[in-house]
Amino acid sequence: MSRVRADEEEYWHSSKFRAFTFDDEDDELSQLKESKRTVNSLRDIVDDDDDDLERVSWSGEPVGSISWSIKETASGSTSSLDGRDSSLQKGSSSYAALPKQGSSYSLSSLFKGRNKLPSFQSLSDALTDTGGKSYAPELRRPRAEYKDYSSDWSPKDTVRRMQRGKVCSLERFRSLQDKLVLLDEAVAGHDGNVITAVLIFLKRTLRREILFRELEVRQVALCHLIHFLREMGEQKFLLDLLRFLDRTEEVALSQYREHLNIQDVEKRREFLKGCIGLPFSAEDTSHIQDHYTLLERQIIIEANDRHLEMAGQSELFRKYPRKASILNMPLVTTLFYSCFYHYTEAEGMFSSPTNLKKTFKIPDKQYVLTALAARAKLRAWGDVDALLTTKNWLGYTKKKAPIGFHRVVEILQRNNAPVQVLQEYVRLVEDVDTRLNLATKYKCHDVVIETYRDLKDRIQLTAYKDKVERGSAEEEKIHSILSN
């Protein structure tokens, strides 16, 4: 009984918990502090710059191994203060239960197992830390560059960007209203290239009837489209547009322009014959008729002259061989050709210059100018004199030049006319100053002396004496005038 009582007393006065003392080395808190000091001391070891040392994680596995990579990736930011507090409450003294310090391993450490960065940051922290420094920044273009391919540009912004040469897609404008607004903005921008680009887009995406109807009230855009179609040779589309606009004369002119693409002469002649009946104006109808008649004459002249040239029957063709065919040449060129090779032919011949003048109603000024150039090139001075000589109703003859005698002198001088021929026509120049200038320029001394004599200008005549040769007839003439 007493023994039981003694056990009870011992039970109530004994305890397995020890009292708190400052010097108690077995205290768990002291152990925890010691563990932290140990961990802190390990930082210095890990912080060592020696690359040859193998880094080891808390689990004892080398950094960079597959198992370490999995664990590092799995242990994200979730291992936070709550987990650390729970480990402290359990009083665990193992290193695995201690809170993780930041690892110094970057993304390259996952593969190399080493790092020289001074800061400790784990792989999971590096992946989740958006505020840290980016060691491999992505090279991006400016945000504005991506807007080139954006689909939210308004028609006005699209036109402005096209004016600056930016790449803009017009395919986003699908409705008719959007396309018309885009066209109006392009016209308002006064940029022909942009207007043409928008018109090409509308031409490709709209039906012809709708496009023609809308362009009928937009004359600026309409003119751009007509010019573009002509430049690109889209004849069928152009004719449809002009017919829709009821522009019959332009339709006829567009069809007539097709003769330029016909190389065969006979086919071109037949085509021009068919164009005579098109709805041209009265003036244009006359031109089409003359074009057809001229080509018909050229075909006849070309055939005859080729035969004469090959047969060698004409001395003129032997002395001056033809350099090119006369087919499809202009009227003035045909007249020059006729004046050069067929000047003396009768008026009834198709190749006669007089026949061409009468058939095509060539003005006198154009005829004289062309014929004078042709005959002067052949140095046929008699023909030149006959060309410029007229006879009045009383039978008197006189020299007359519709182009002016000053131009006659210039043409003759270009063809190396003799001084005697030049002087004859220089004397006929009515203006005194022009006559003196031409005579001095082309050394027509007699004309200069006679002009100063008529002007009674003794000073100029005396000064001109120094410009002629000593002992020449001109000097004697000047002496005779001065002494009289």
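The values are calculated or read from the model by the stated rules, or taken from the named source; none is laboratory data. Since the model is a prediction, treat every value here as computed from it, not as a measurement. Glycine also receives a Cβ, built like all others from the backbone with ideal geometry; neighbour counts cover every protein chain displayed. Just the protein is used for accessible areas: all its heavy atoms, side chains included, with ligands, DNA and RNA removed. Shrake-Rupley method; radii C 1.70, N 1.55, O 1.52, S 1.80 Å.
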**Alpha-carbon gyration tensor eigenvalues x 5, square-rooted, for region 377-484, Å** = 28, 16, 12
**Request:** Mind scanning Lys365/Lys441; Lys377/Lys456; Lys166/Lys203; Lys377/Lys398 and naming the pairs with a C-alpha gap bigger than 31 Å?
**Result:** Lys377/Lys456
**Message:** Which order do you get for Thr370, Thr434 if you rank them by accessible area with a 1.4 Å probe, largest at the top?
**Reply:** Thr434, Thr370
**Complete:** With DSSP loop assignment and no more than 15 other C-beta atoms within 10 Å, the trypsin sites (Lys or Arg not before Pro) in region 277-364 are Arg322, Lys323, Lys361
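Applying 1/(1 + (r/R0)^6) with R0 = 60 Å to the Cβ-Cβ distance of Val432 and Ile200, what FRET efficiency is obtained, to the nearest 0.05?
The pair Val432/Ile200 has a calculated efficiency of 0.40.
Taking N as the number of residues in region 194-353, what value does Rg over Cα atoms divided by 2.2 N^0.38 Å take?
1.45
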**Request:** Please report the relative contact order for region 153-246, taking Cα pairs under 8 Å with a sequence separation of at least 6, and give it as a percent rounded to a whole number.
**Result:** 22
**Request:** For an R0 of 60 angstrom, estimate the FRET efficiency from the Cβ-Cβ distance between Lys377 and Arg174 and round to the nearest 0.05.
**Result:** 0.35
**Complete:** Rounded to whole Å², per residue accessible area for region 262-362 with a 1.4 Å probe reads 58
**Prompt:** Taking +1 at the Cβ of each Lys and Arg and -1 at the Cβ of each Asp and Glu, which of Leu378, Leu394, Gly404 sits farthest along the dipole of region 363-439 towards its positive end, judged by Cα position relative to the Cα centre?
**Reply:** Leu378
**Asked** Quick one: with all protein chains in place, what share of the accessible area of region 444-483 is carbon or sulfur, to the nearest percent (1.4 Å probe)?
**Response** 45
**Asked** Given that compact globular proteins tend to follow 2.2 N^0.38 Å, what is the ratio of the alpha-carbon Rg of region 444-483 to that value?
**Response** 0.99
**Request:** Run the 1.4 Å probe and let me know the accessible area of Ser175, rounded to the nearest 10 Å².
**Result:** 50
**Request:** Grab the Cα-Cα distance for Ile300 and Asp364, subtract it from 0.36 nm times how many residues apart they are, and report the gain in nm with one decimal.
**Result:** 20.5 nm
**Item:** Label-point separation in nm, Gln420 to Asp466, each point 7 Å along Cα→Cβ
**Value:** 3.2
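Determine the gain in length on full extension of the stretch Ile459-Asp246; use 0.36 nm per residue of separation and subtract their C-alpha separation, reporting nm with one decimal. The partial results should precede the final answer.
On the way: separation 213, 0.36 × 213 = 76.68 nm, distance 7.44 nm.
Result for the pair: 69.2 nm of gain on full extension.
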**Request:** Let me know the Rg and Dmax you get for region 153-246 when you use only its Cα atoms, in Å.
**Result:** 12.8, 38
**Message:** Expected output is a single nm value to one decimal: the length gained when fully extending between Ala188 and Asp446, i.e. 0.36 nm times separation in residues minus the C-alpha distance. What is it?
**Reply:** 85.9 nm
**Complete:** A student asked for the Cα radius of gyration and Dmax of region 262-362 in angstrom ought to give 14.7, 47
**Asked** Where the only charges are on Cβ atoms (+1 Lys, Arg; -1 Asp, Glu), what is the dipole of region 363-439 about its Cα centre, to the nearest 20 debye?
**Response** 200
**Prompt:** Going through region 364-432, which trypsin sites (Lys or Arg not before Pro) have at most 15 other Cβ atoms within 10 Å and a DSSP loop state?
**Reply:** Arg379, Lys400
**Message:** For Cα pairs less than 8 Å apart in space and 6+ apart in sequence, what is the mean separation divided by the residue count of region 374-452, i.e. the relative contact order in percent?
**Reply:** 22
**Prompt:** Computed from the mean reciprocal separation of all distinct C-alpha pairs, what Kirkwood hydrodynamic radius does region 363-439 have, in Å?
**Reply:** 12.8
**Request:** Using the charge dipole of region 153-246 (Lys, Arg: +1 at Cβ; Asp, Glu: -1 at Cβ; taken about the Cα centre), state which of Phe237, Leu215, Pro155 has its Cα farthest towards the positive end.
**Result:** Pro155
**Phe228 accessible area, 1.4 Å probe, all protein chains in place, Å² to nearest 10** = 40
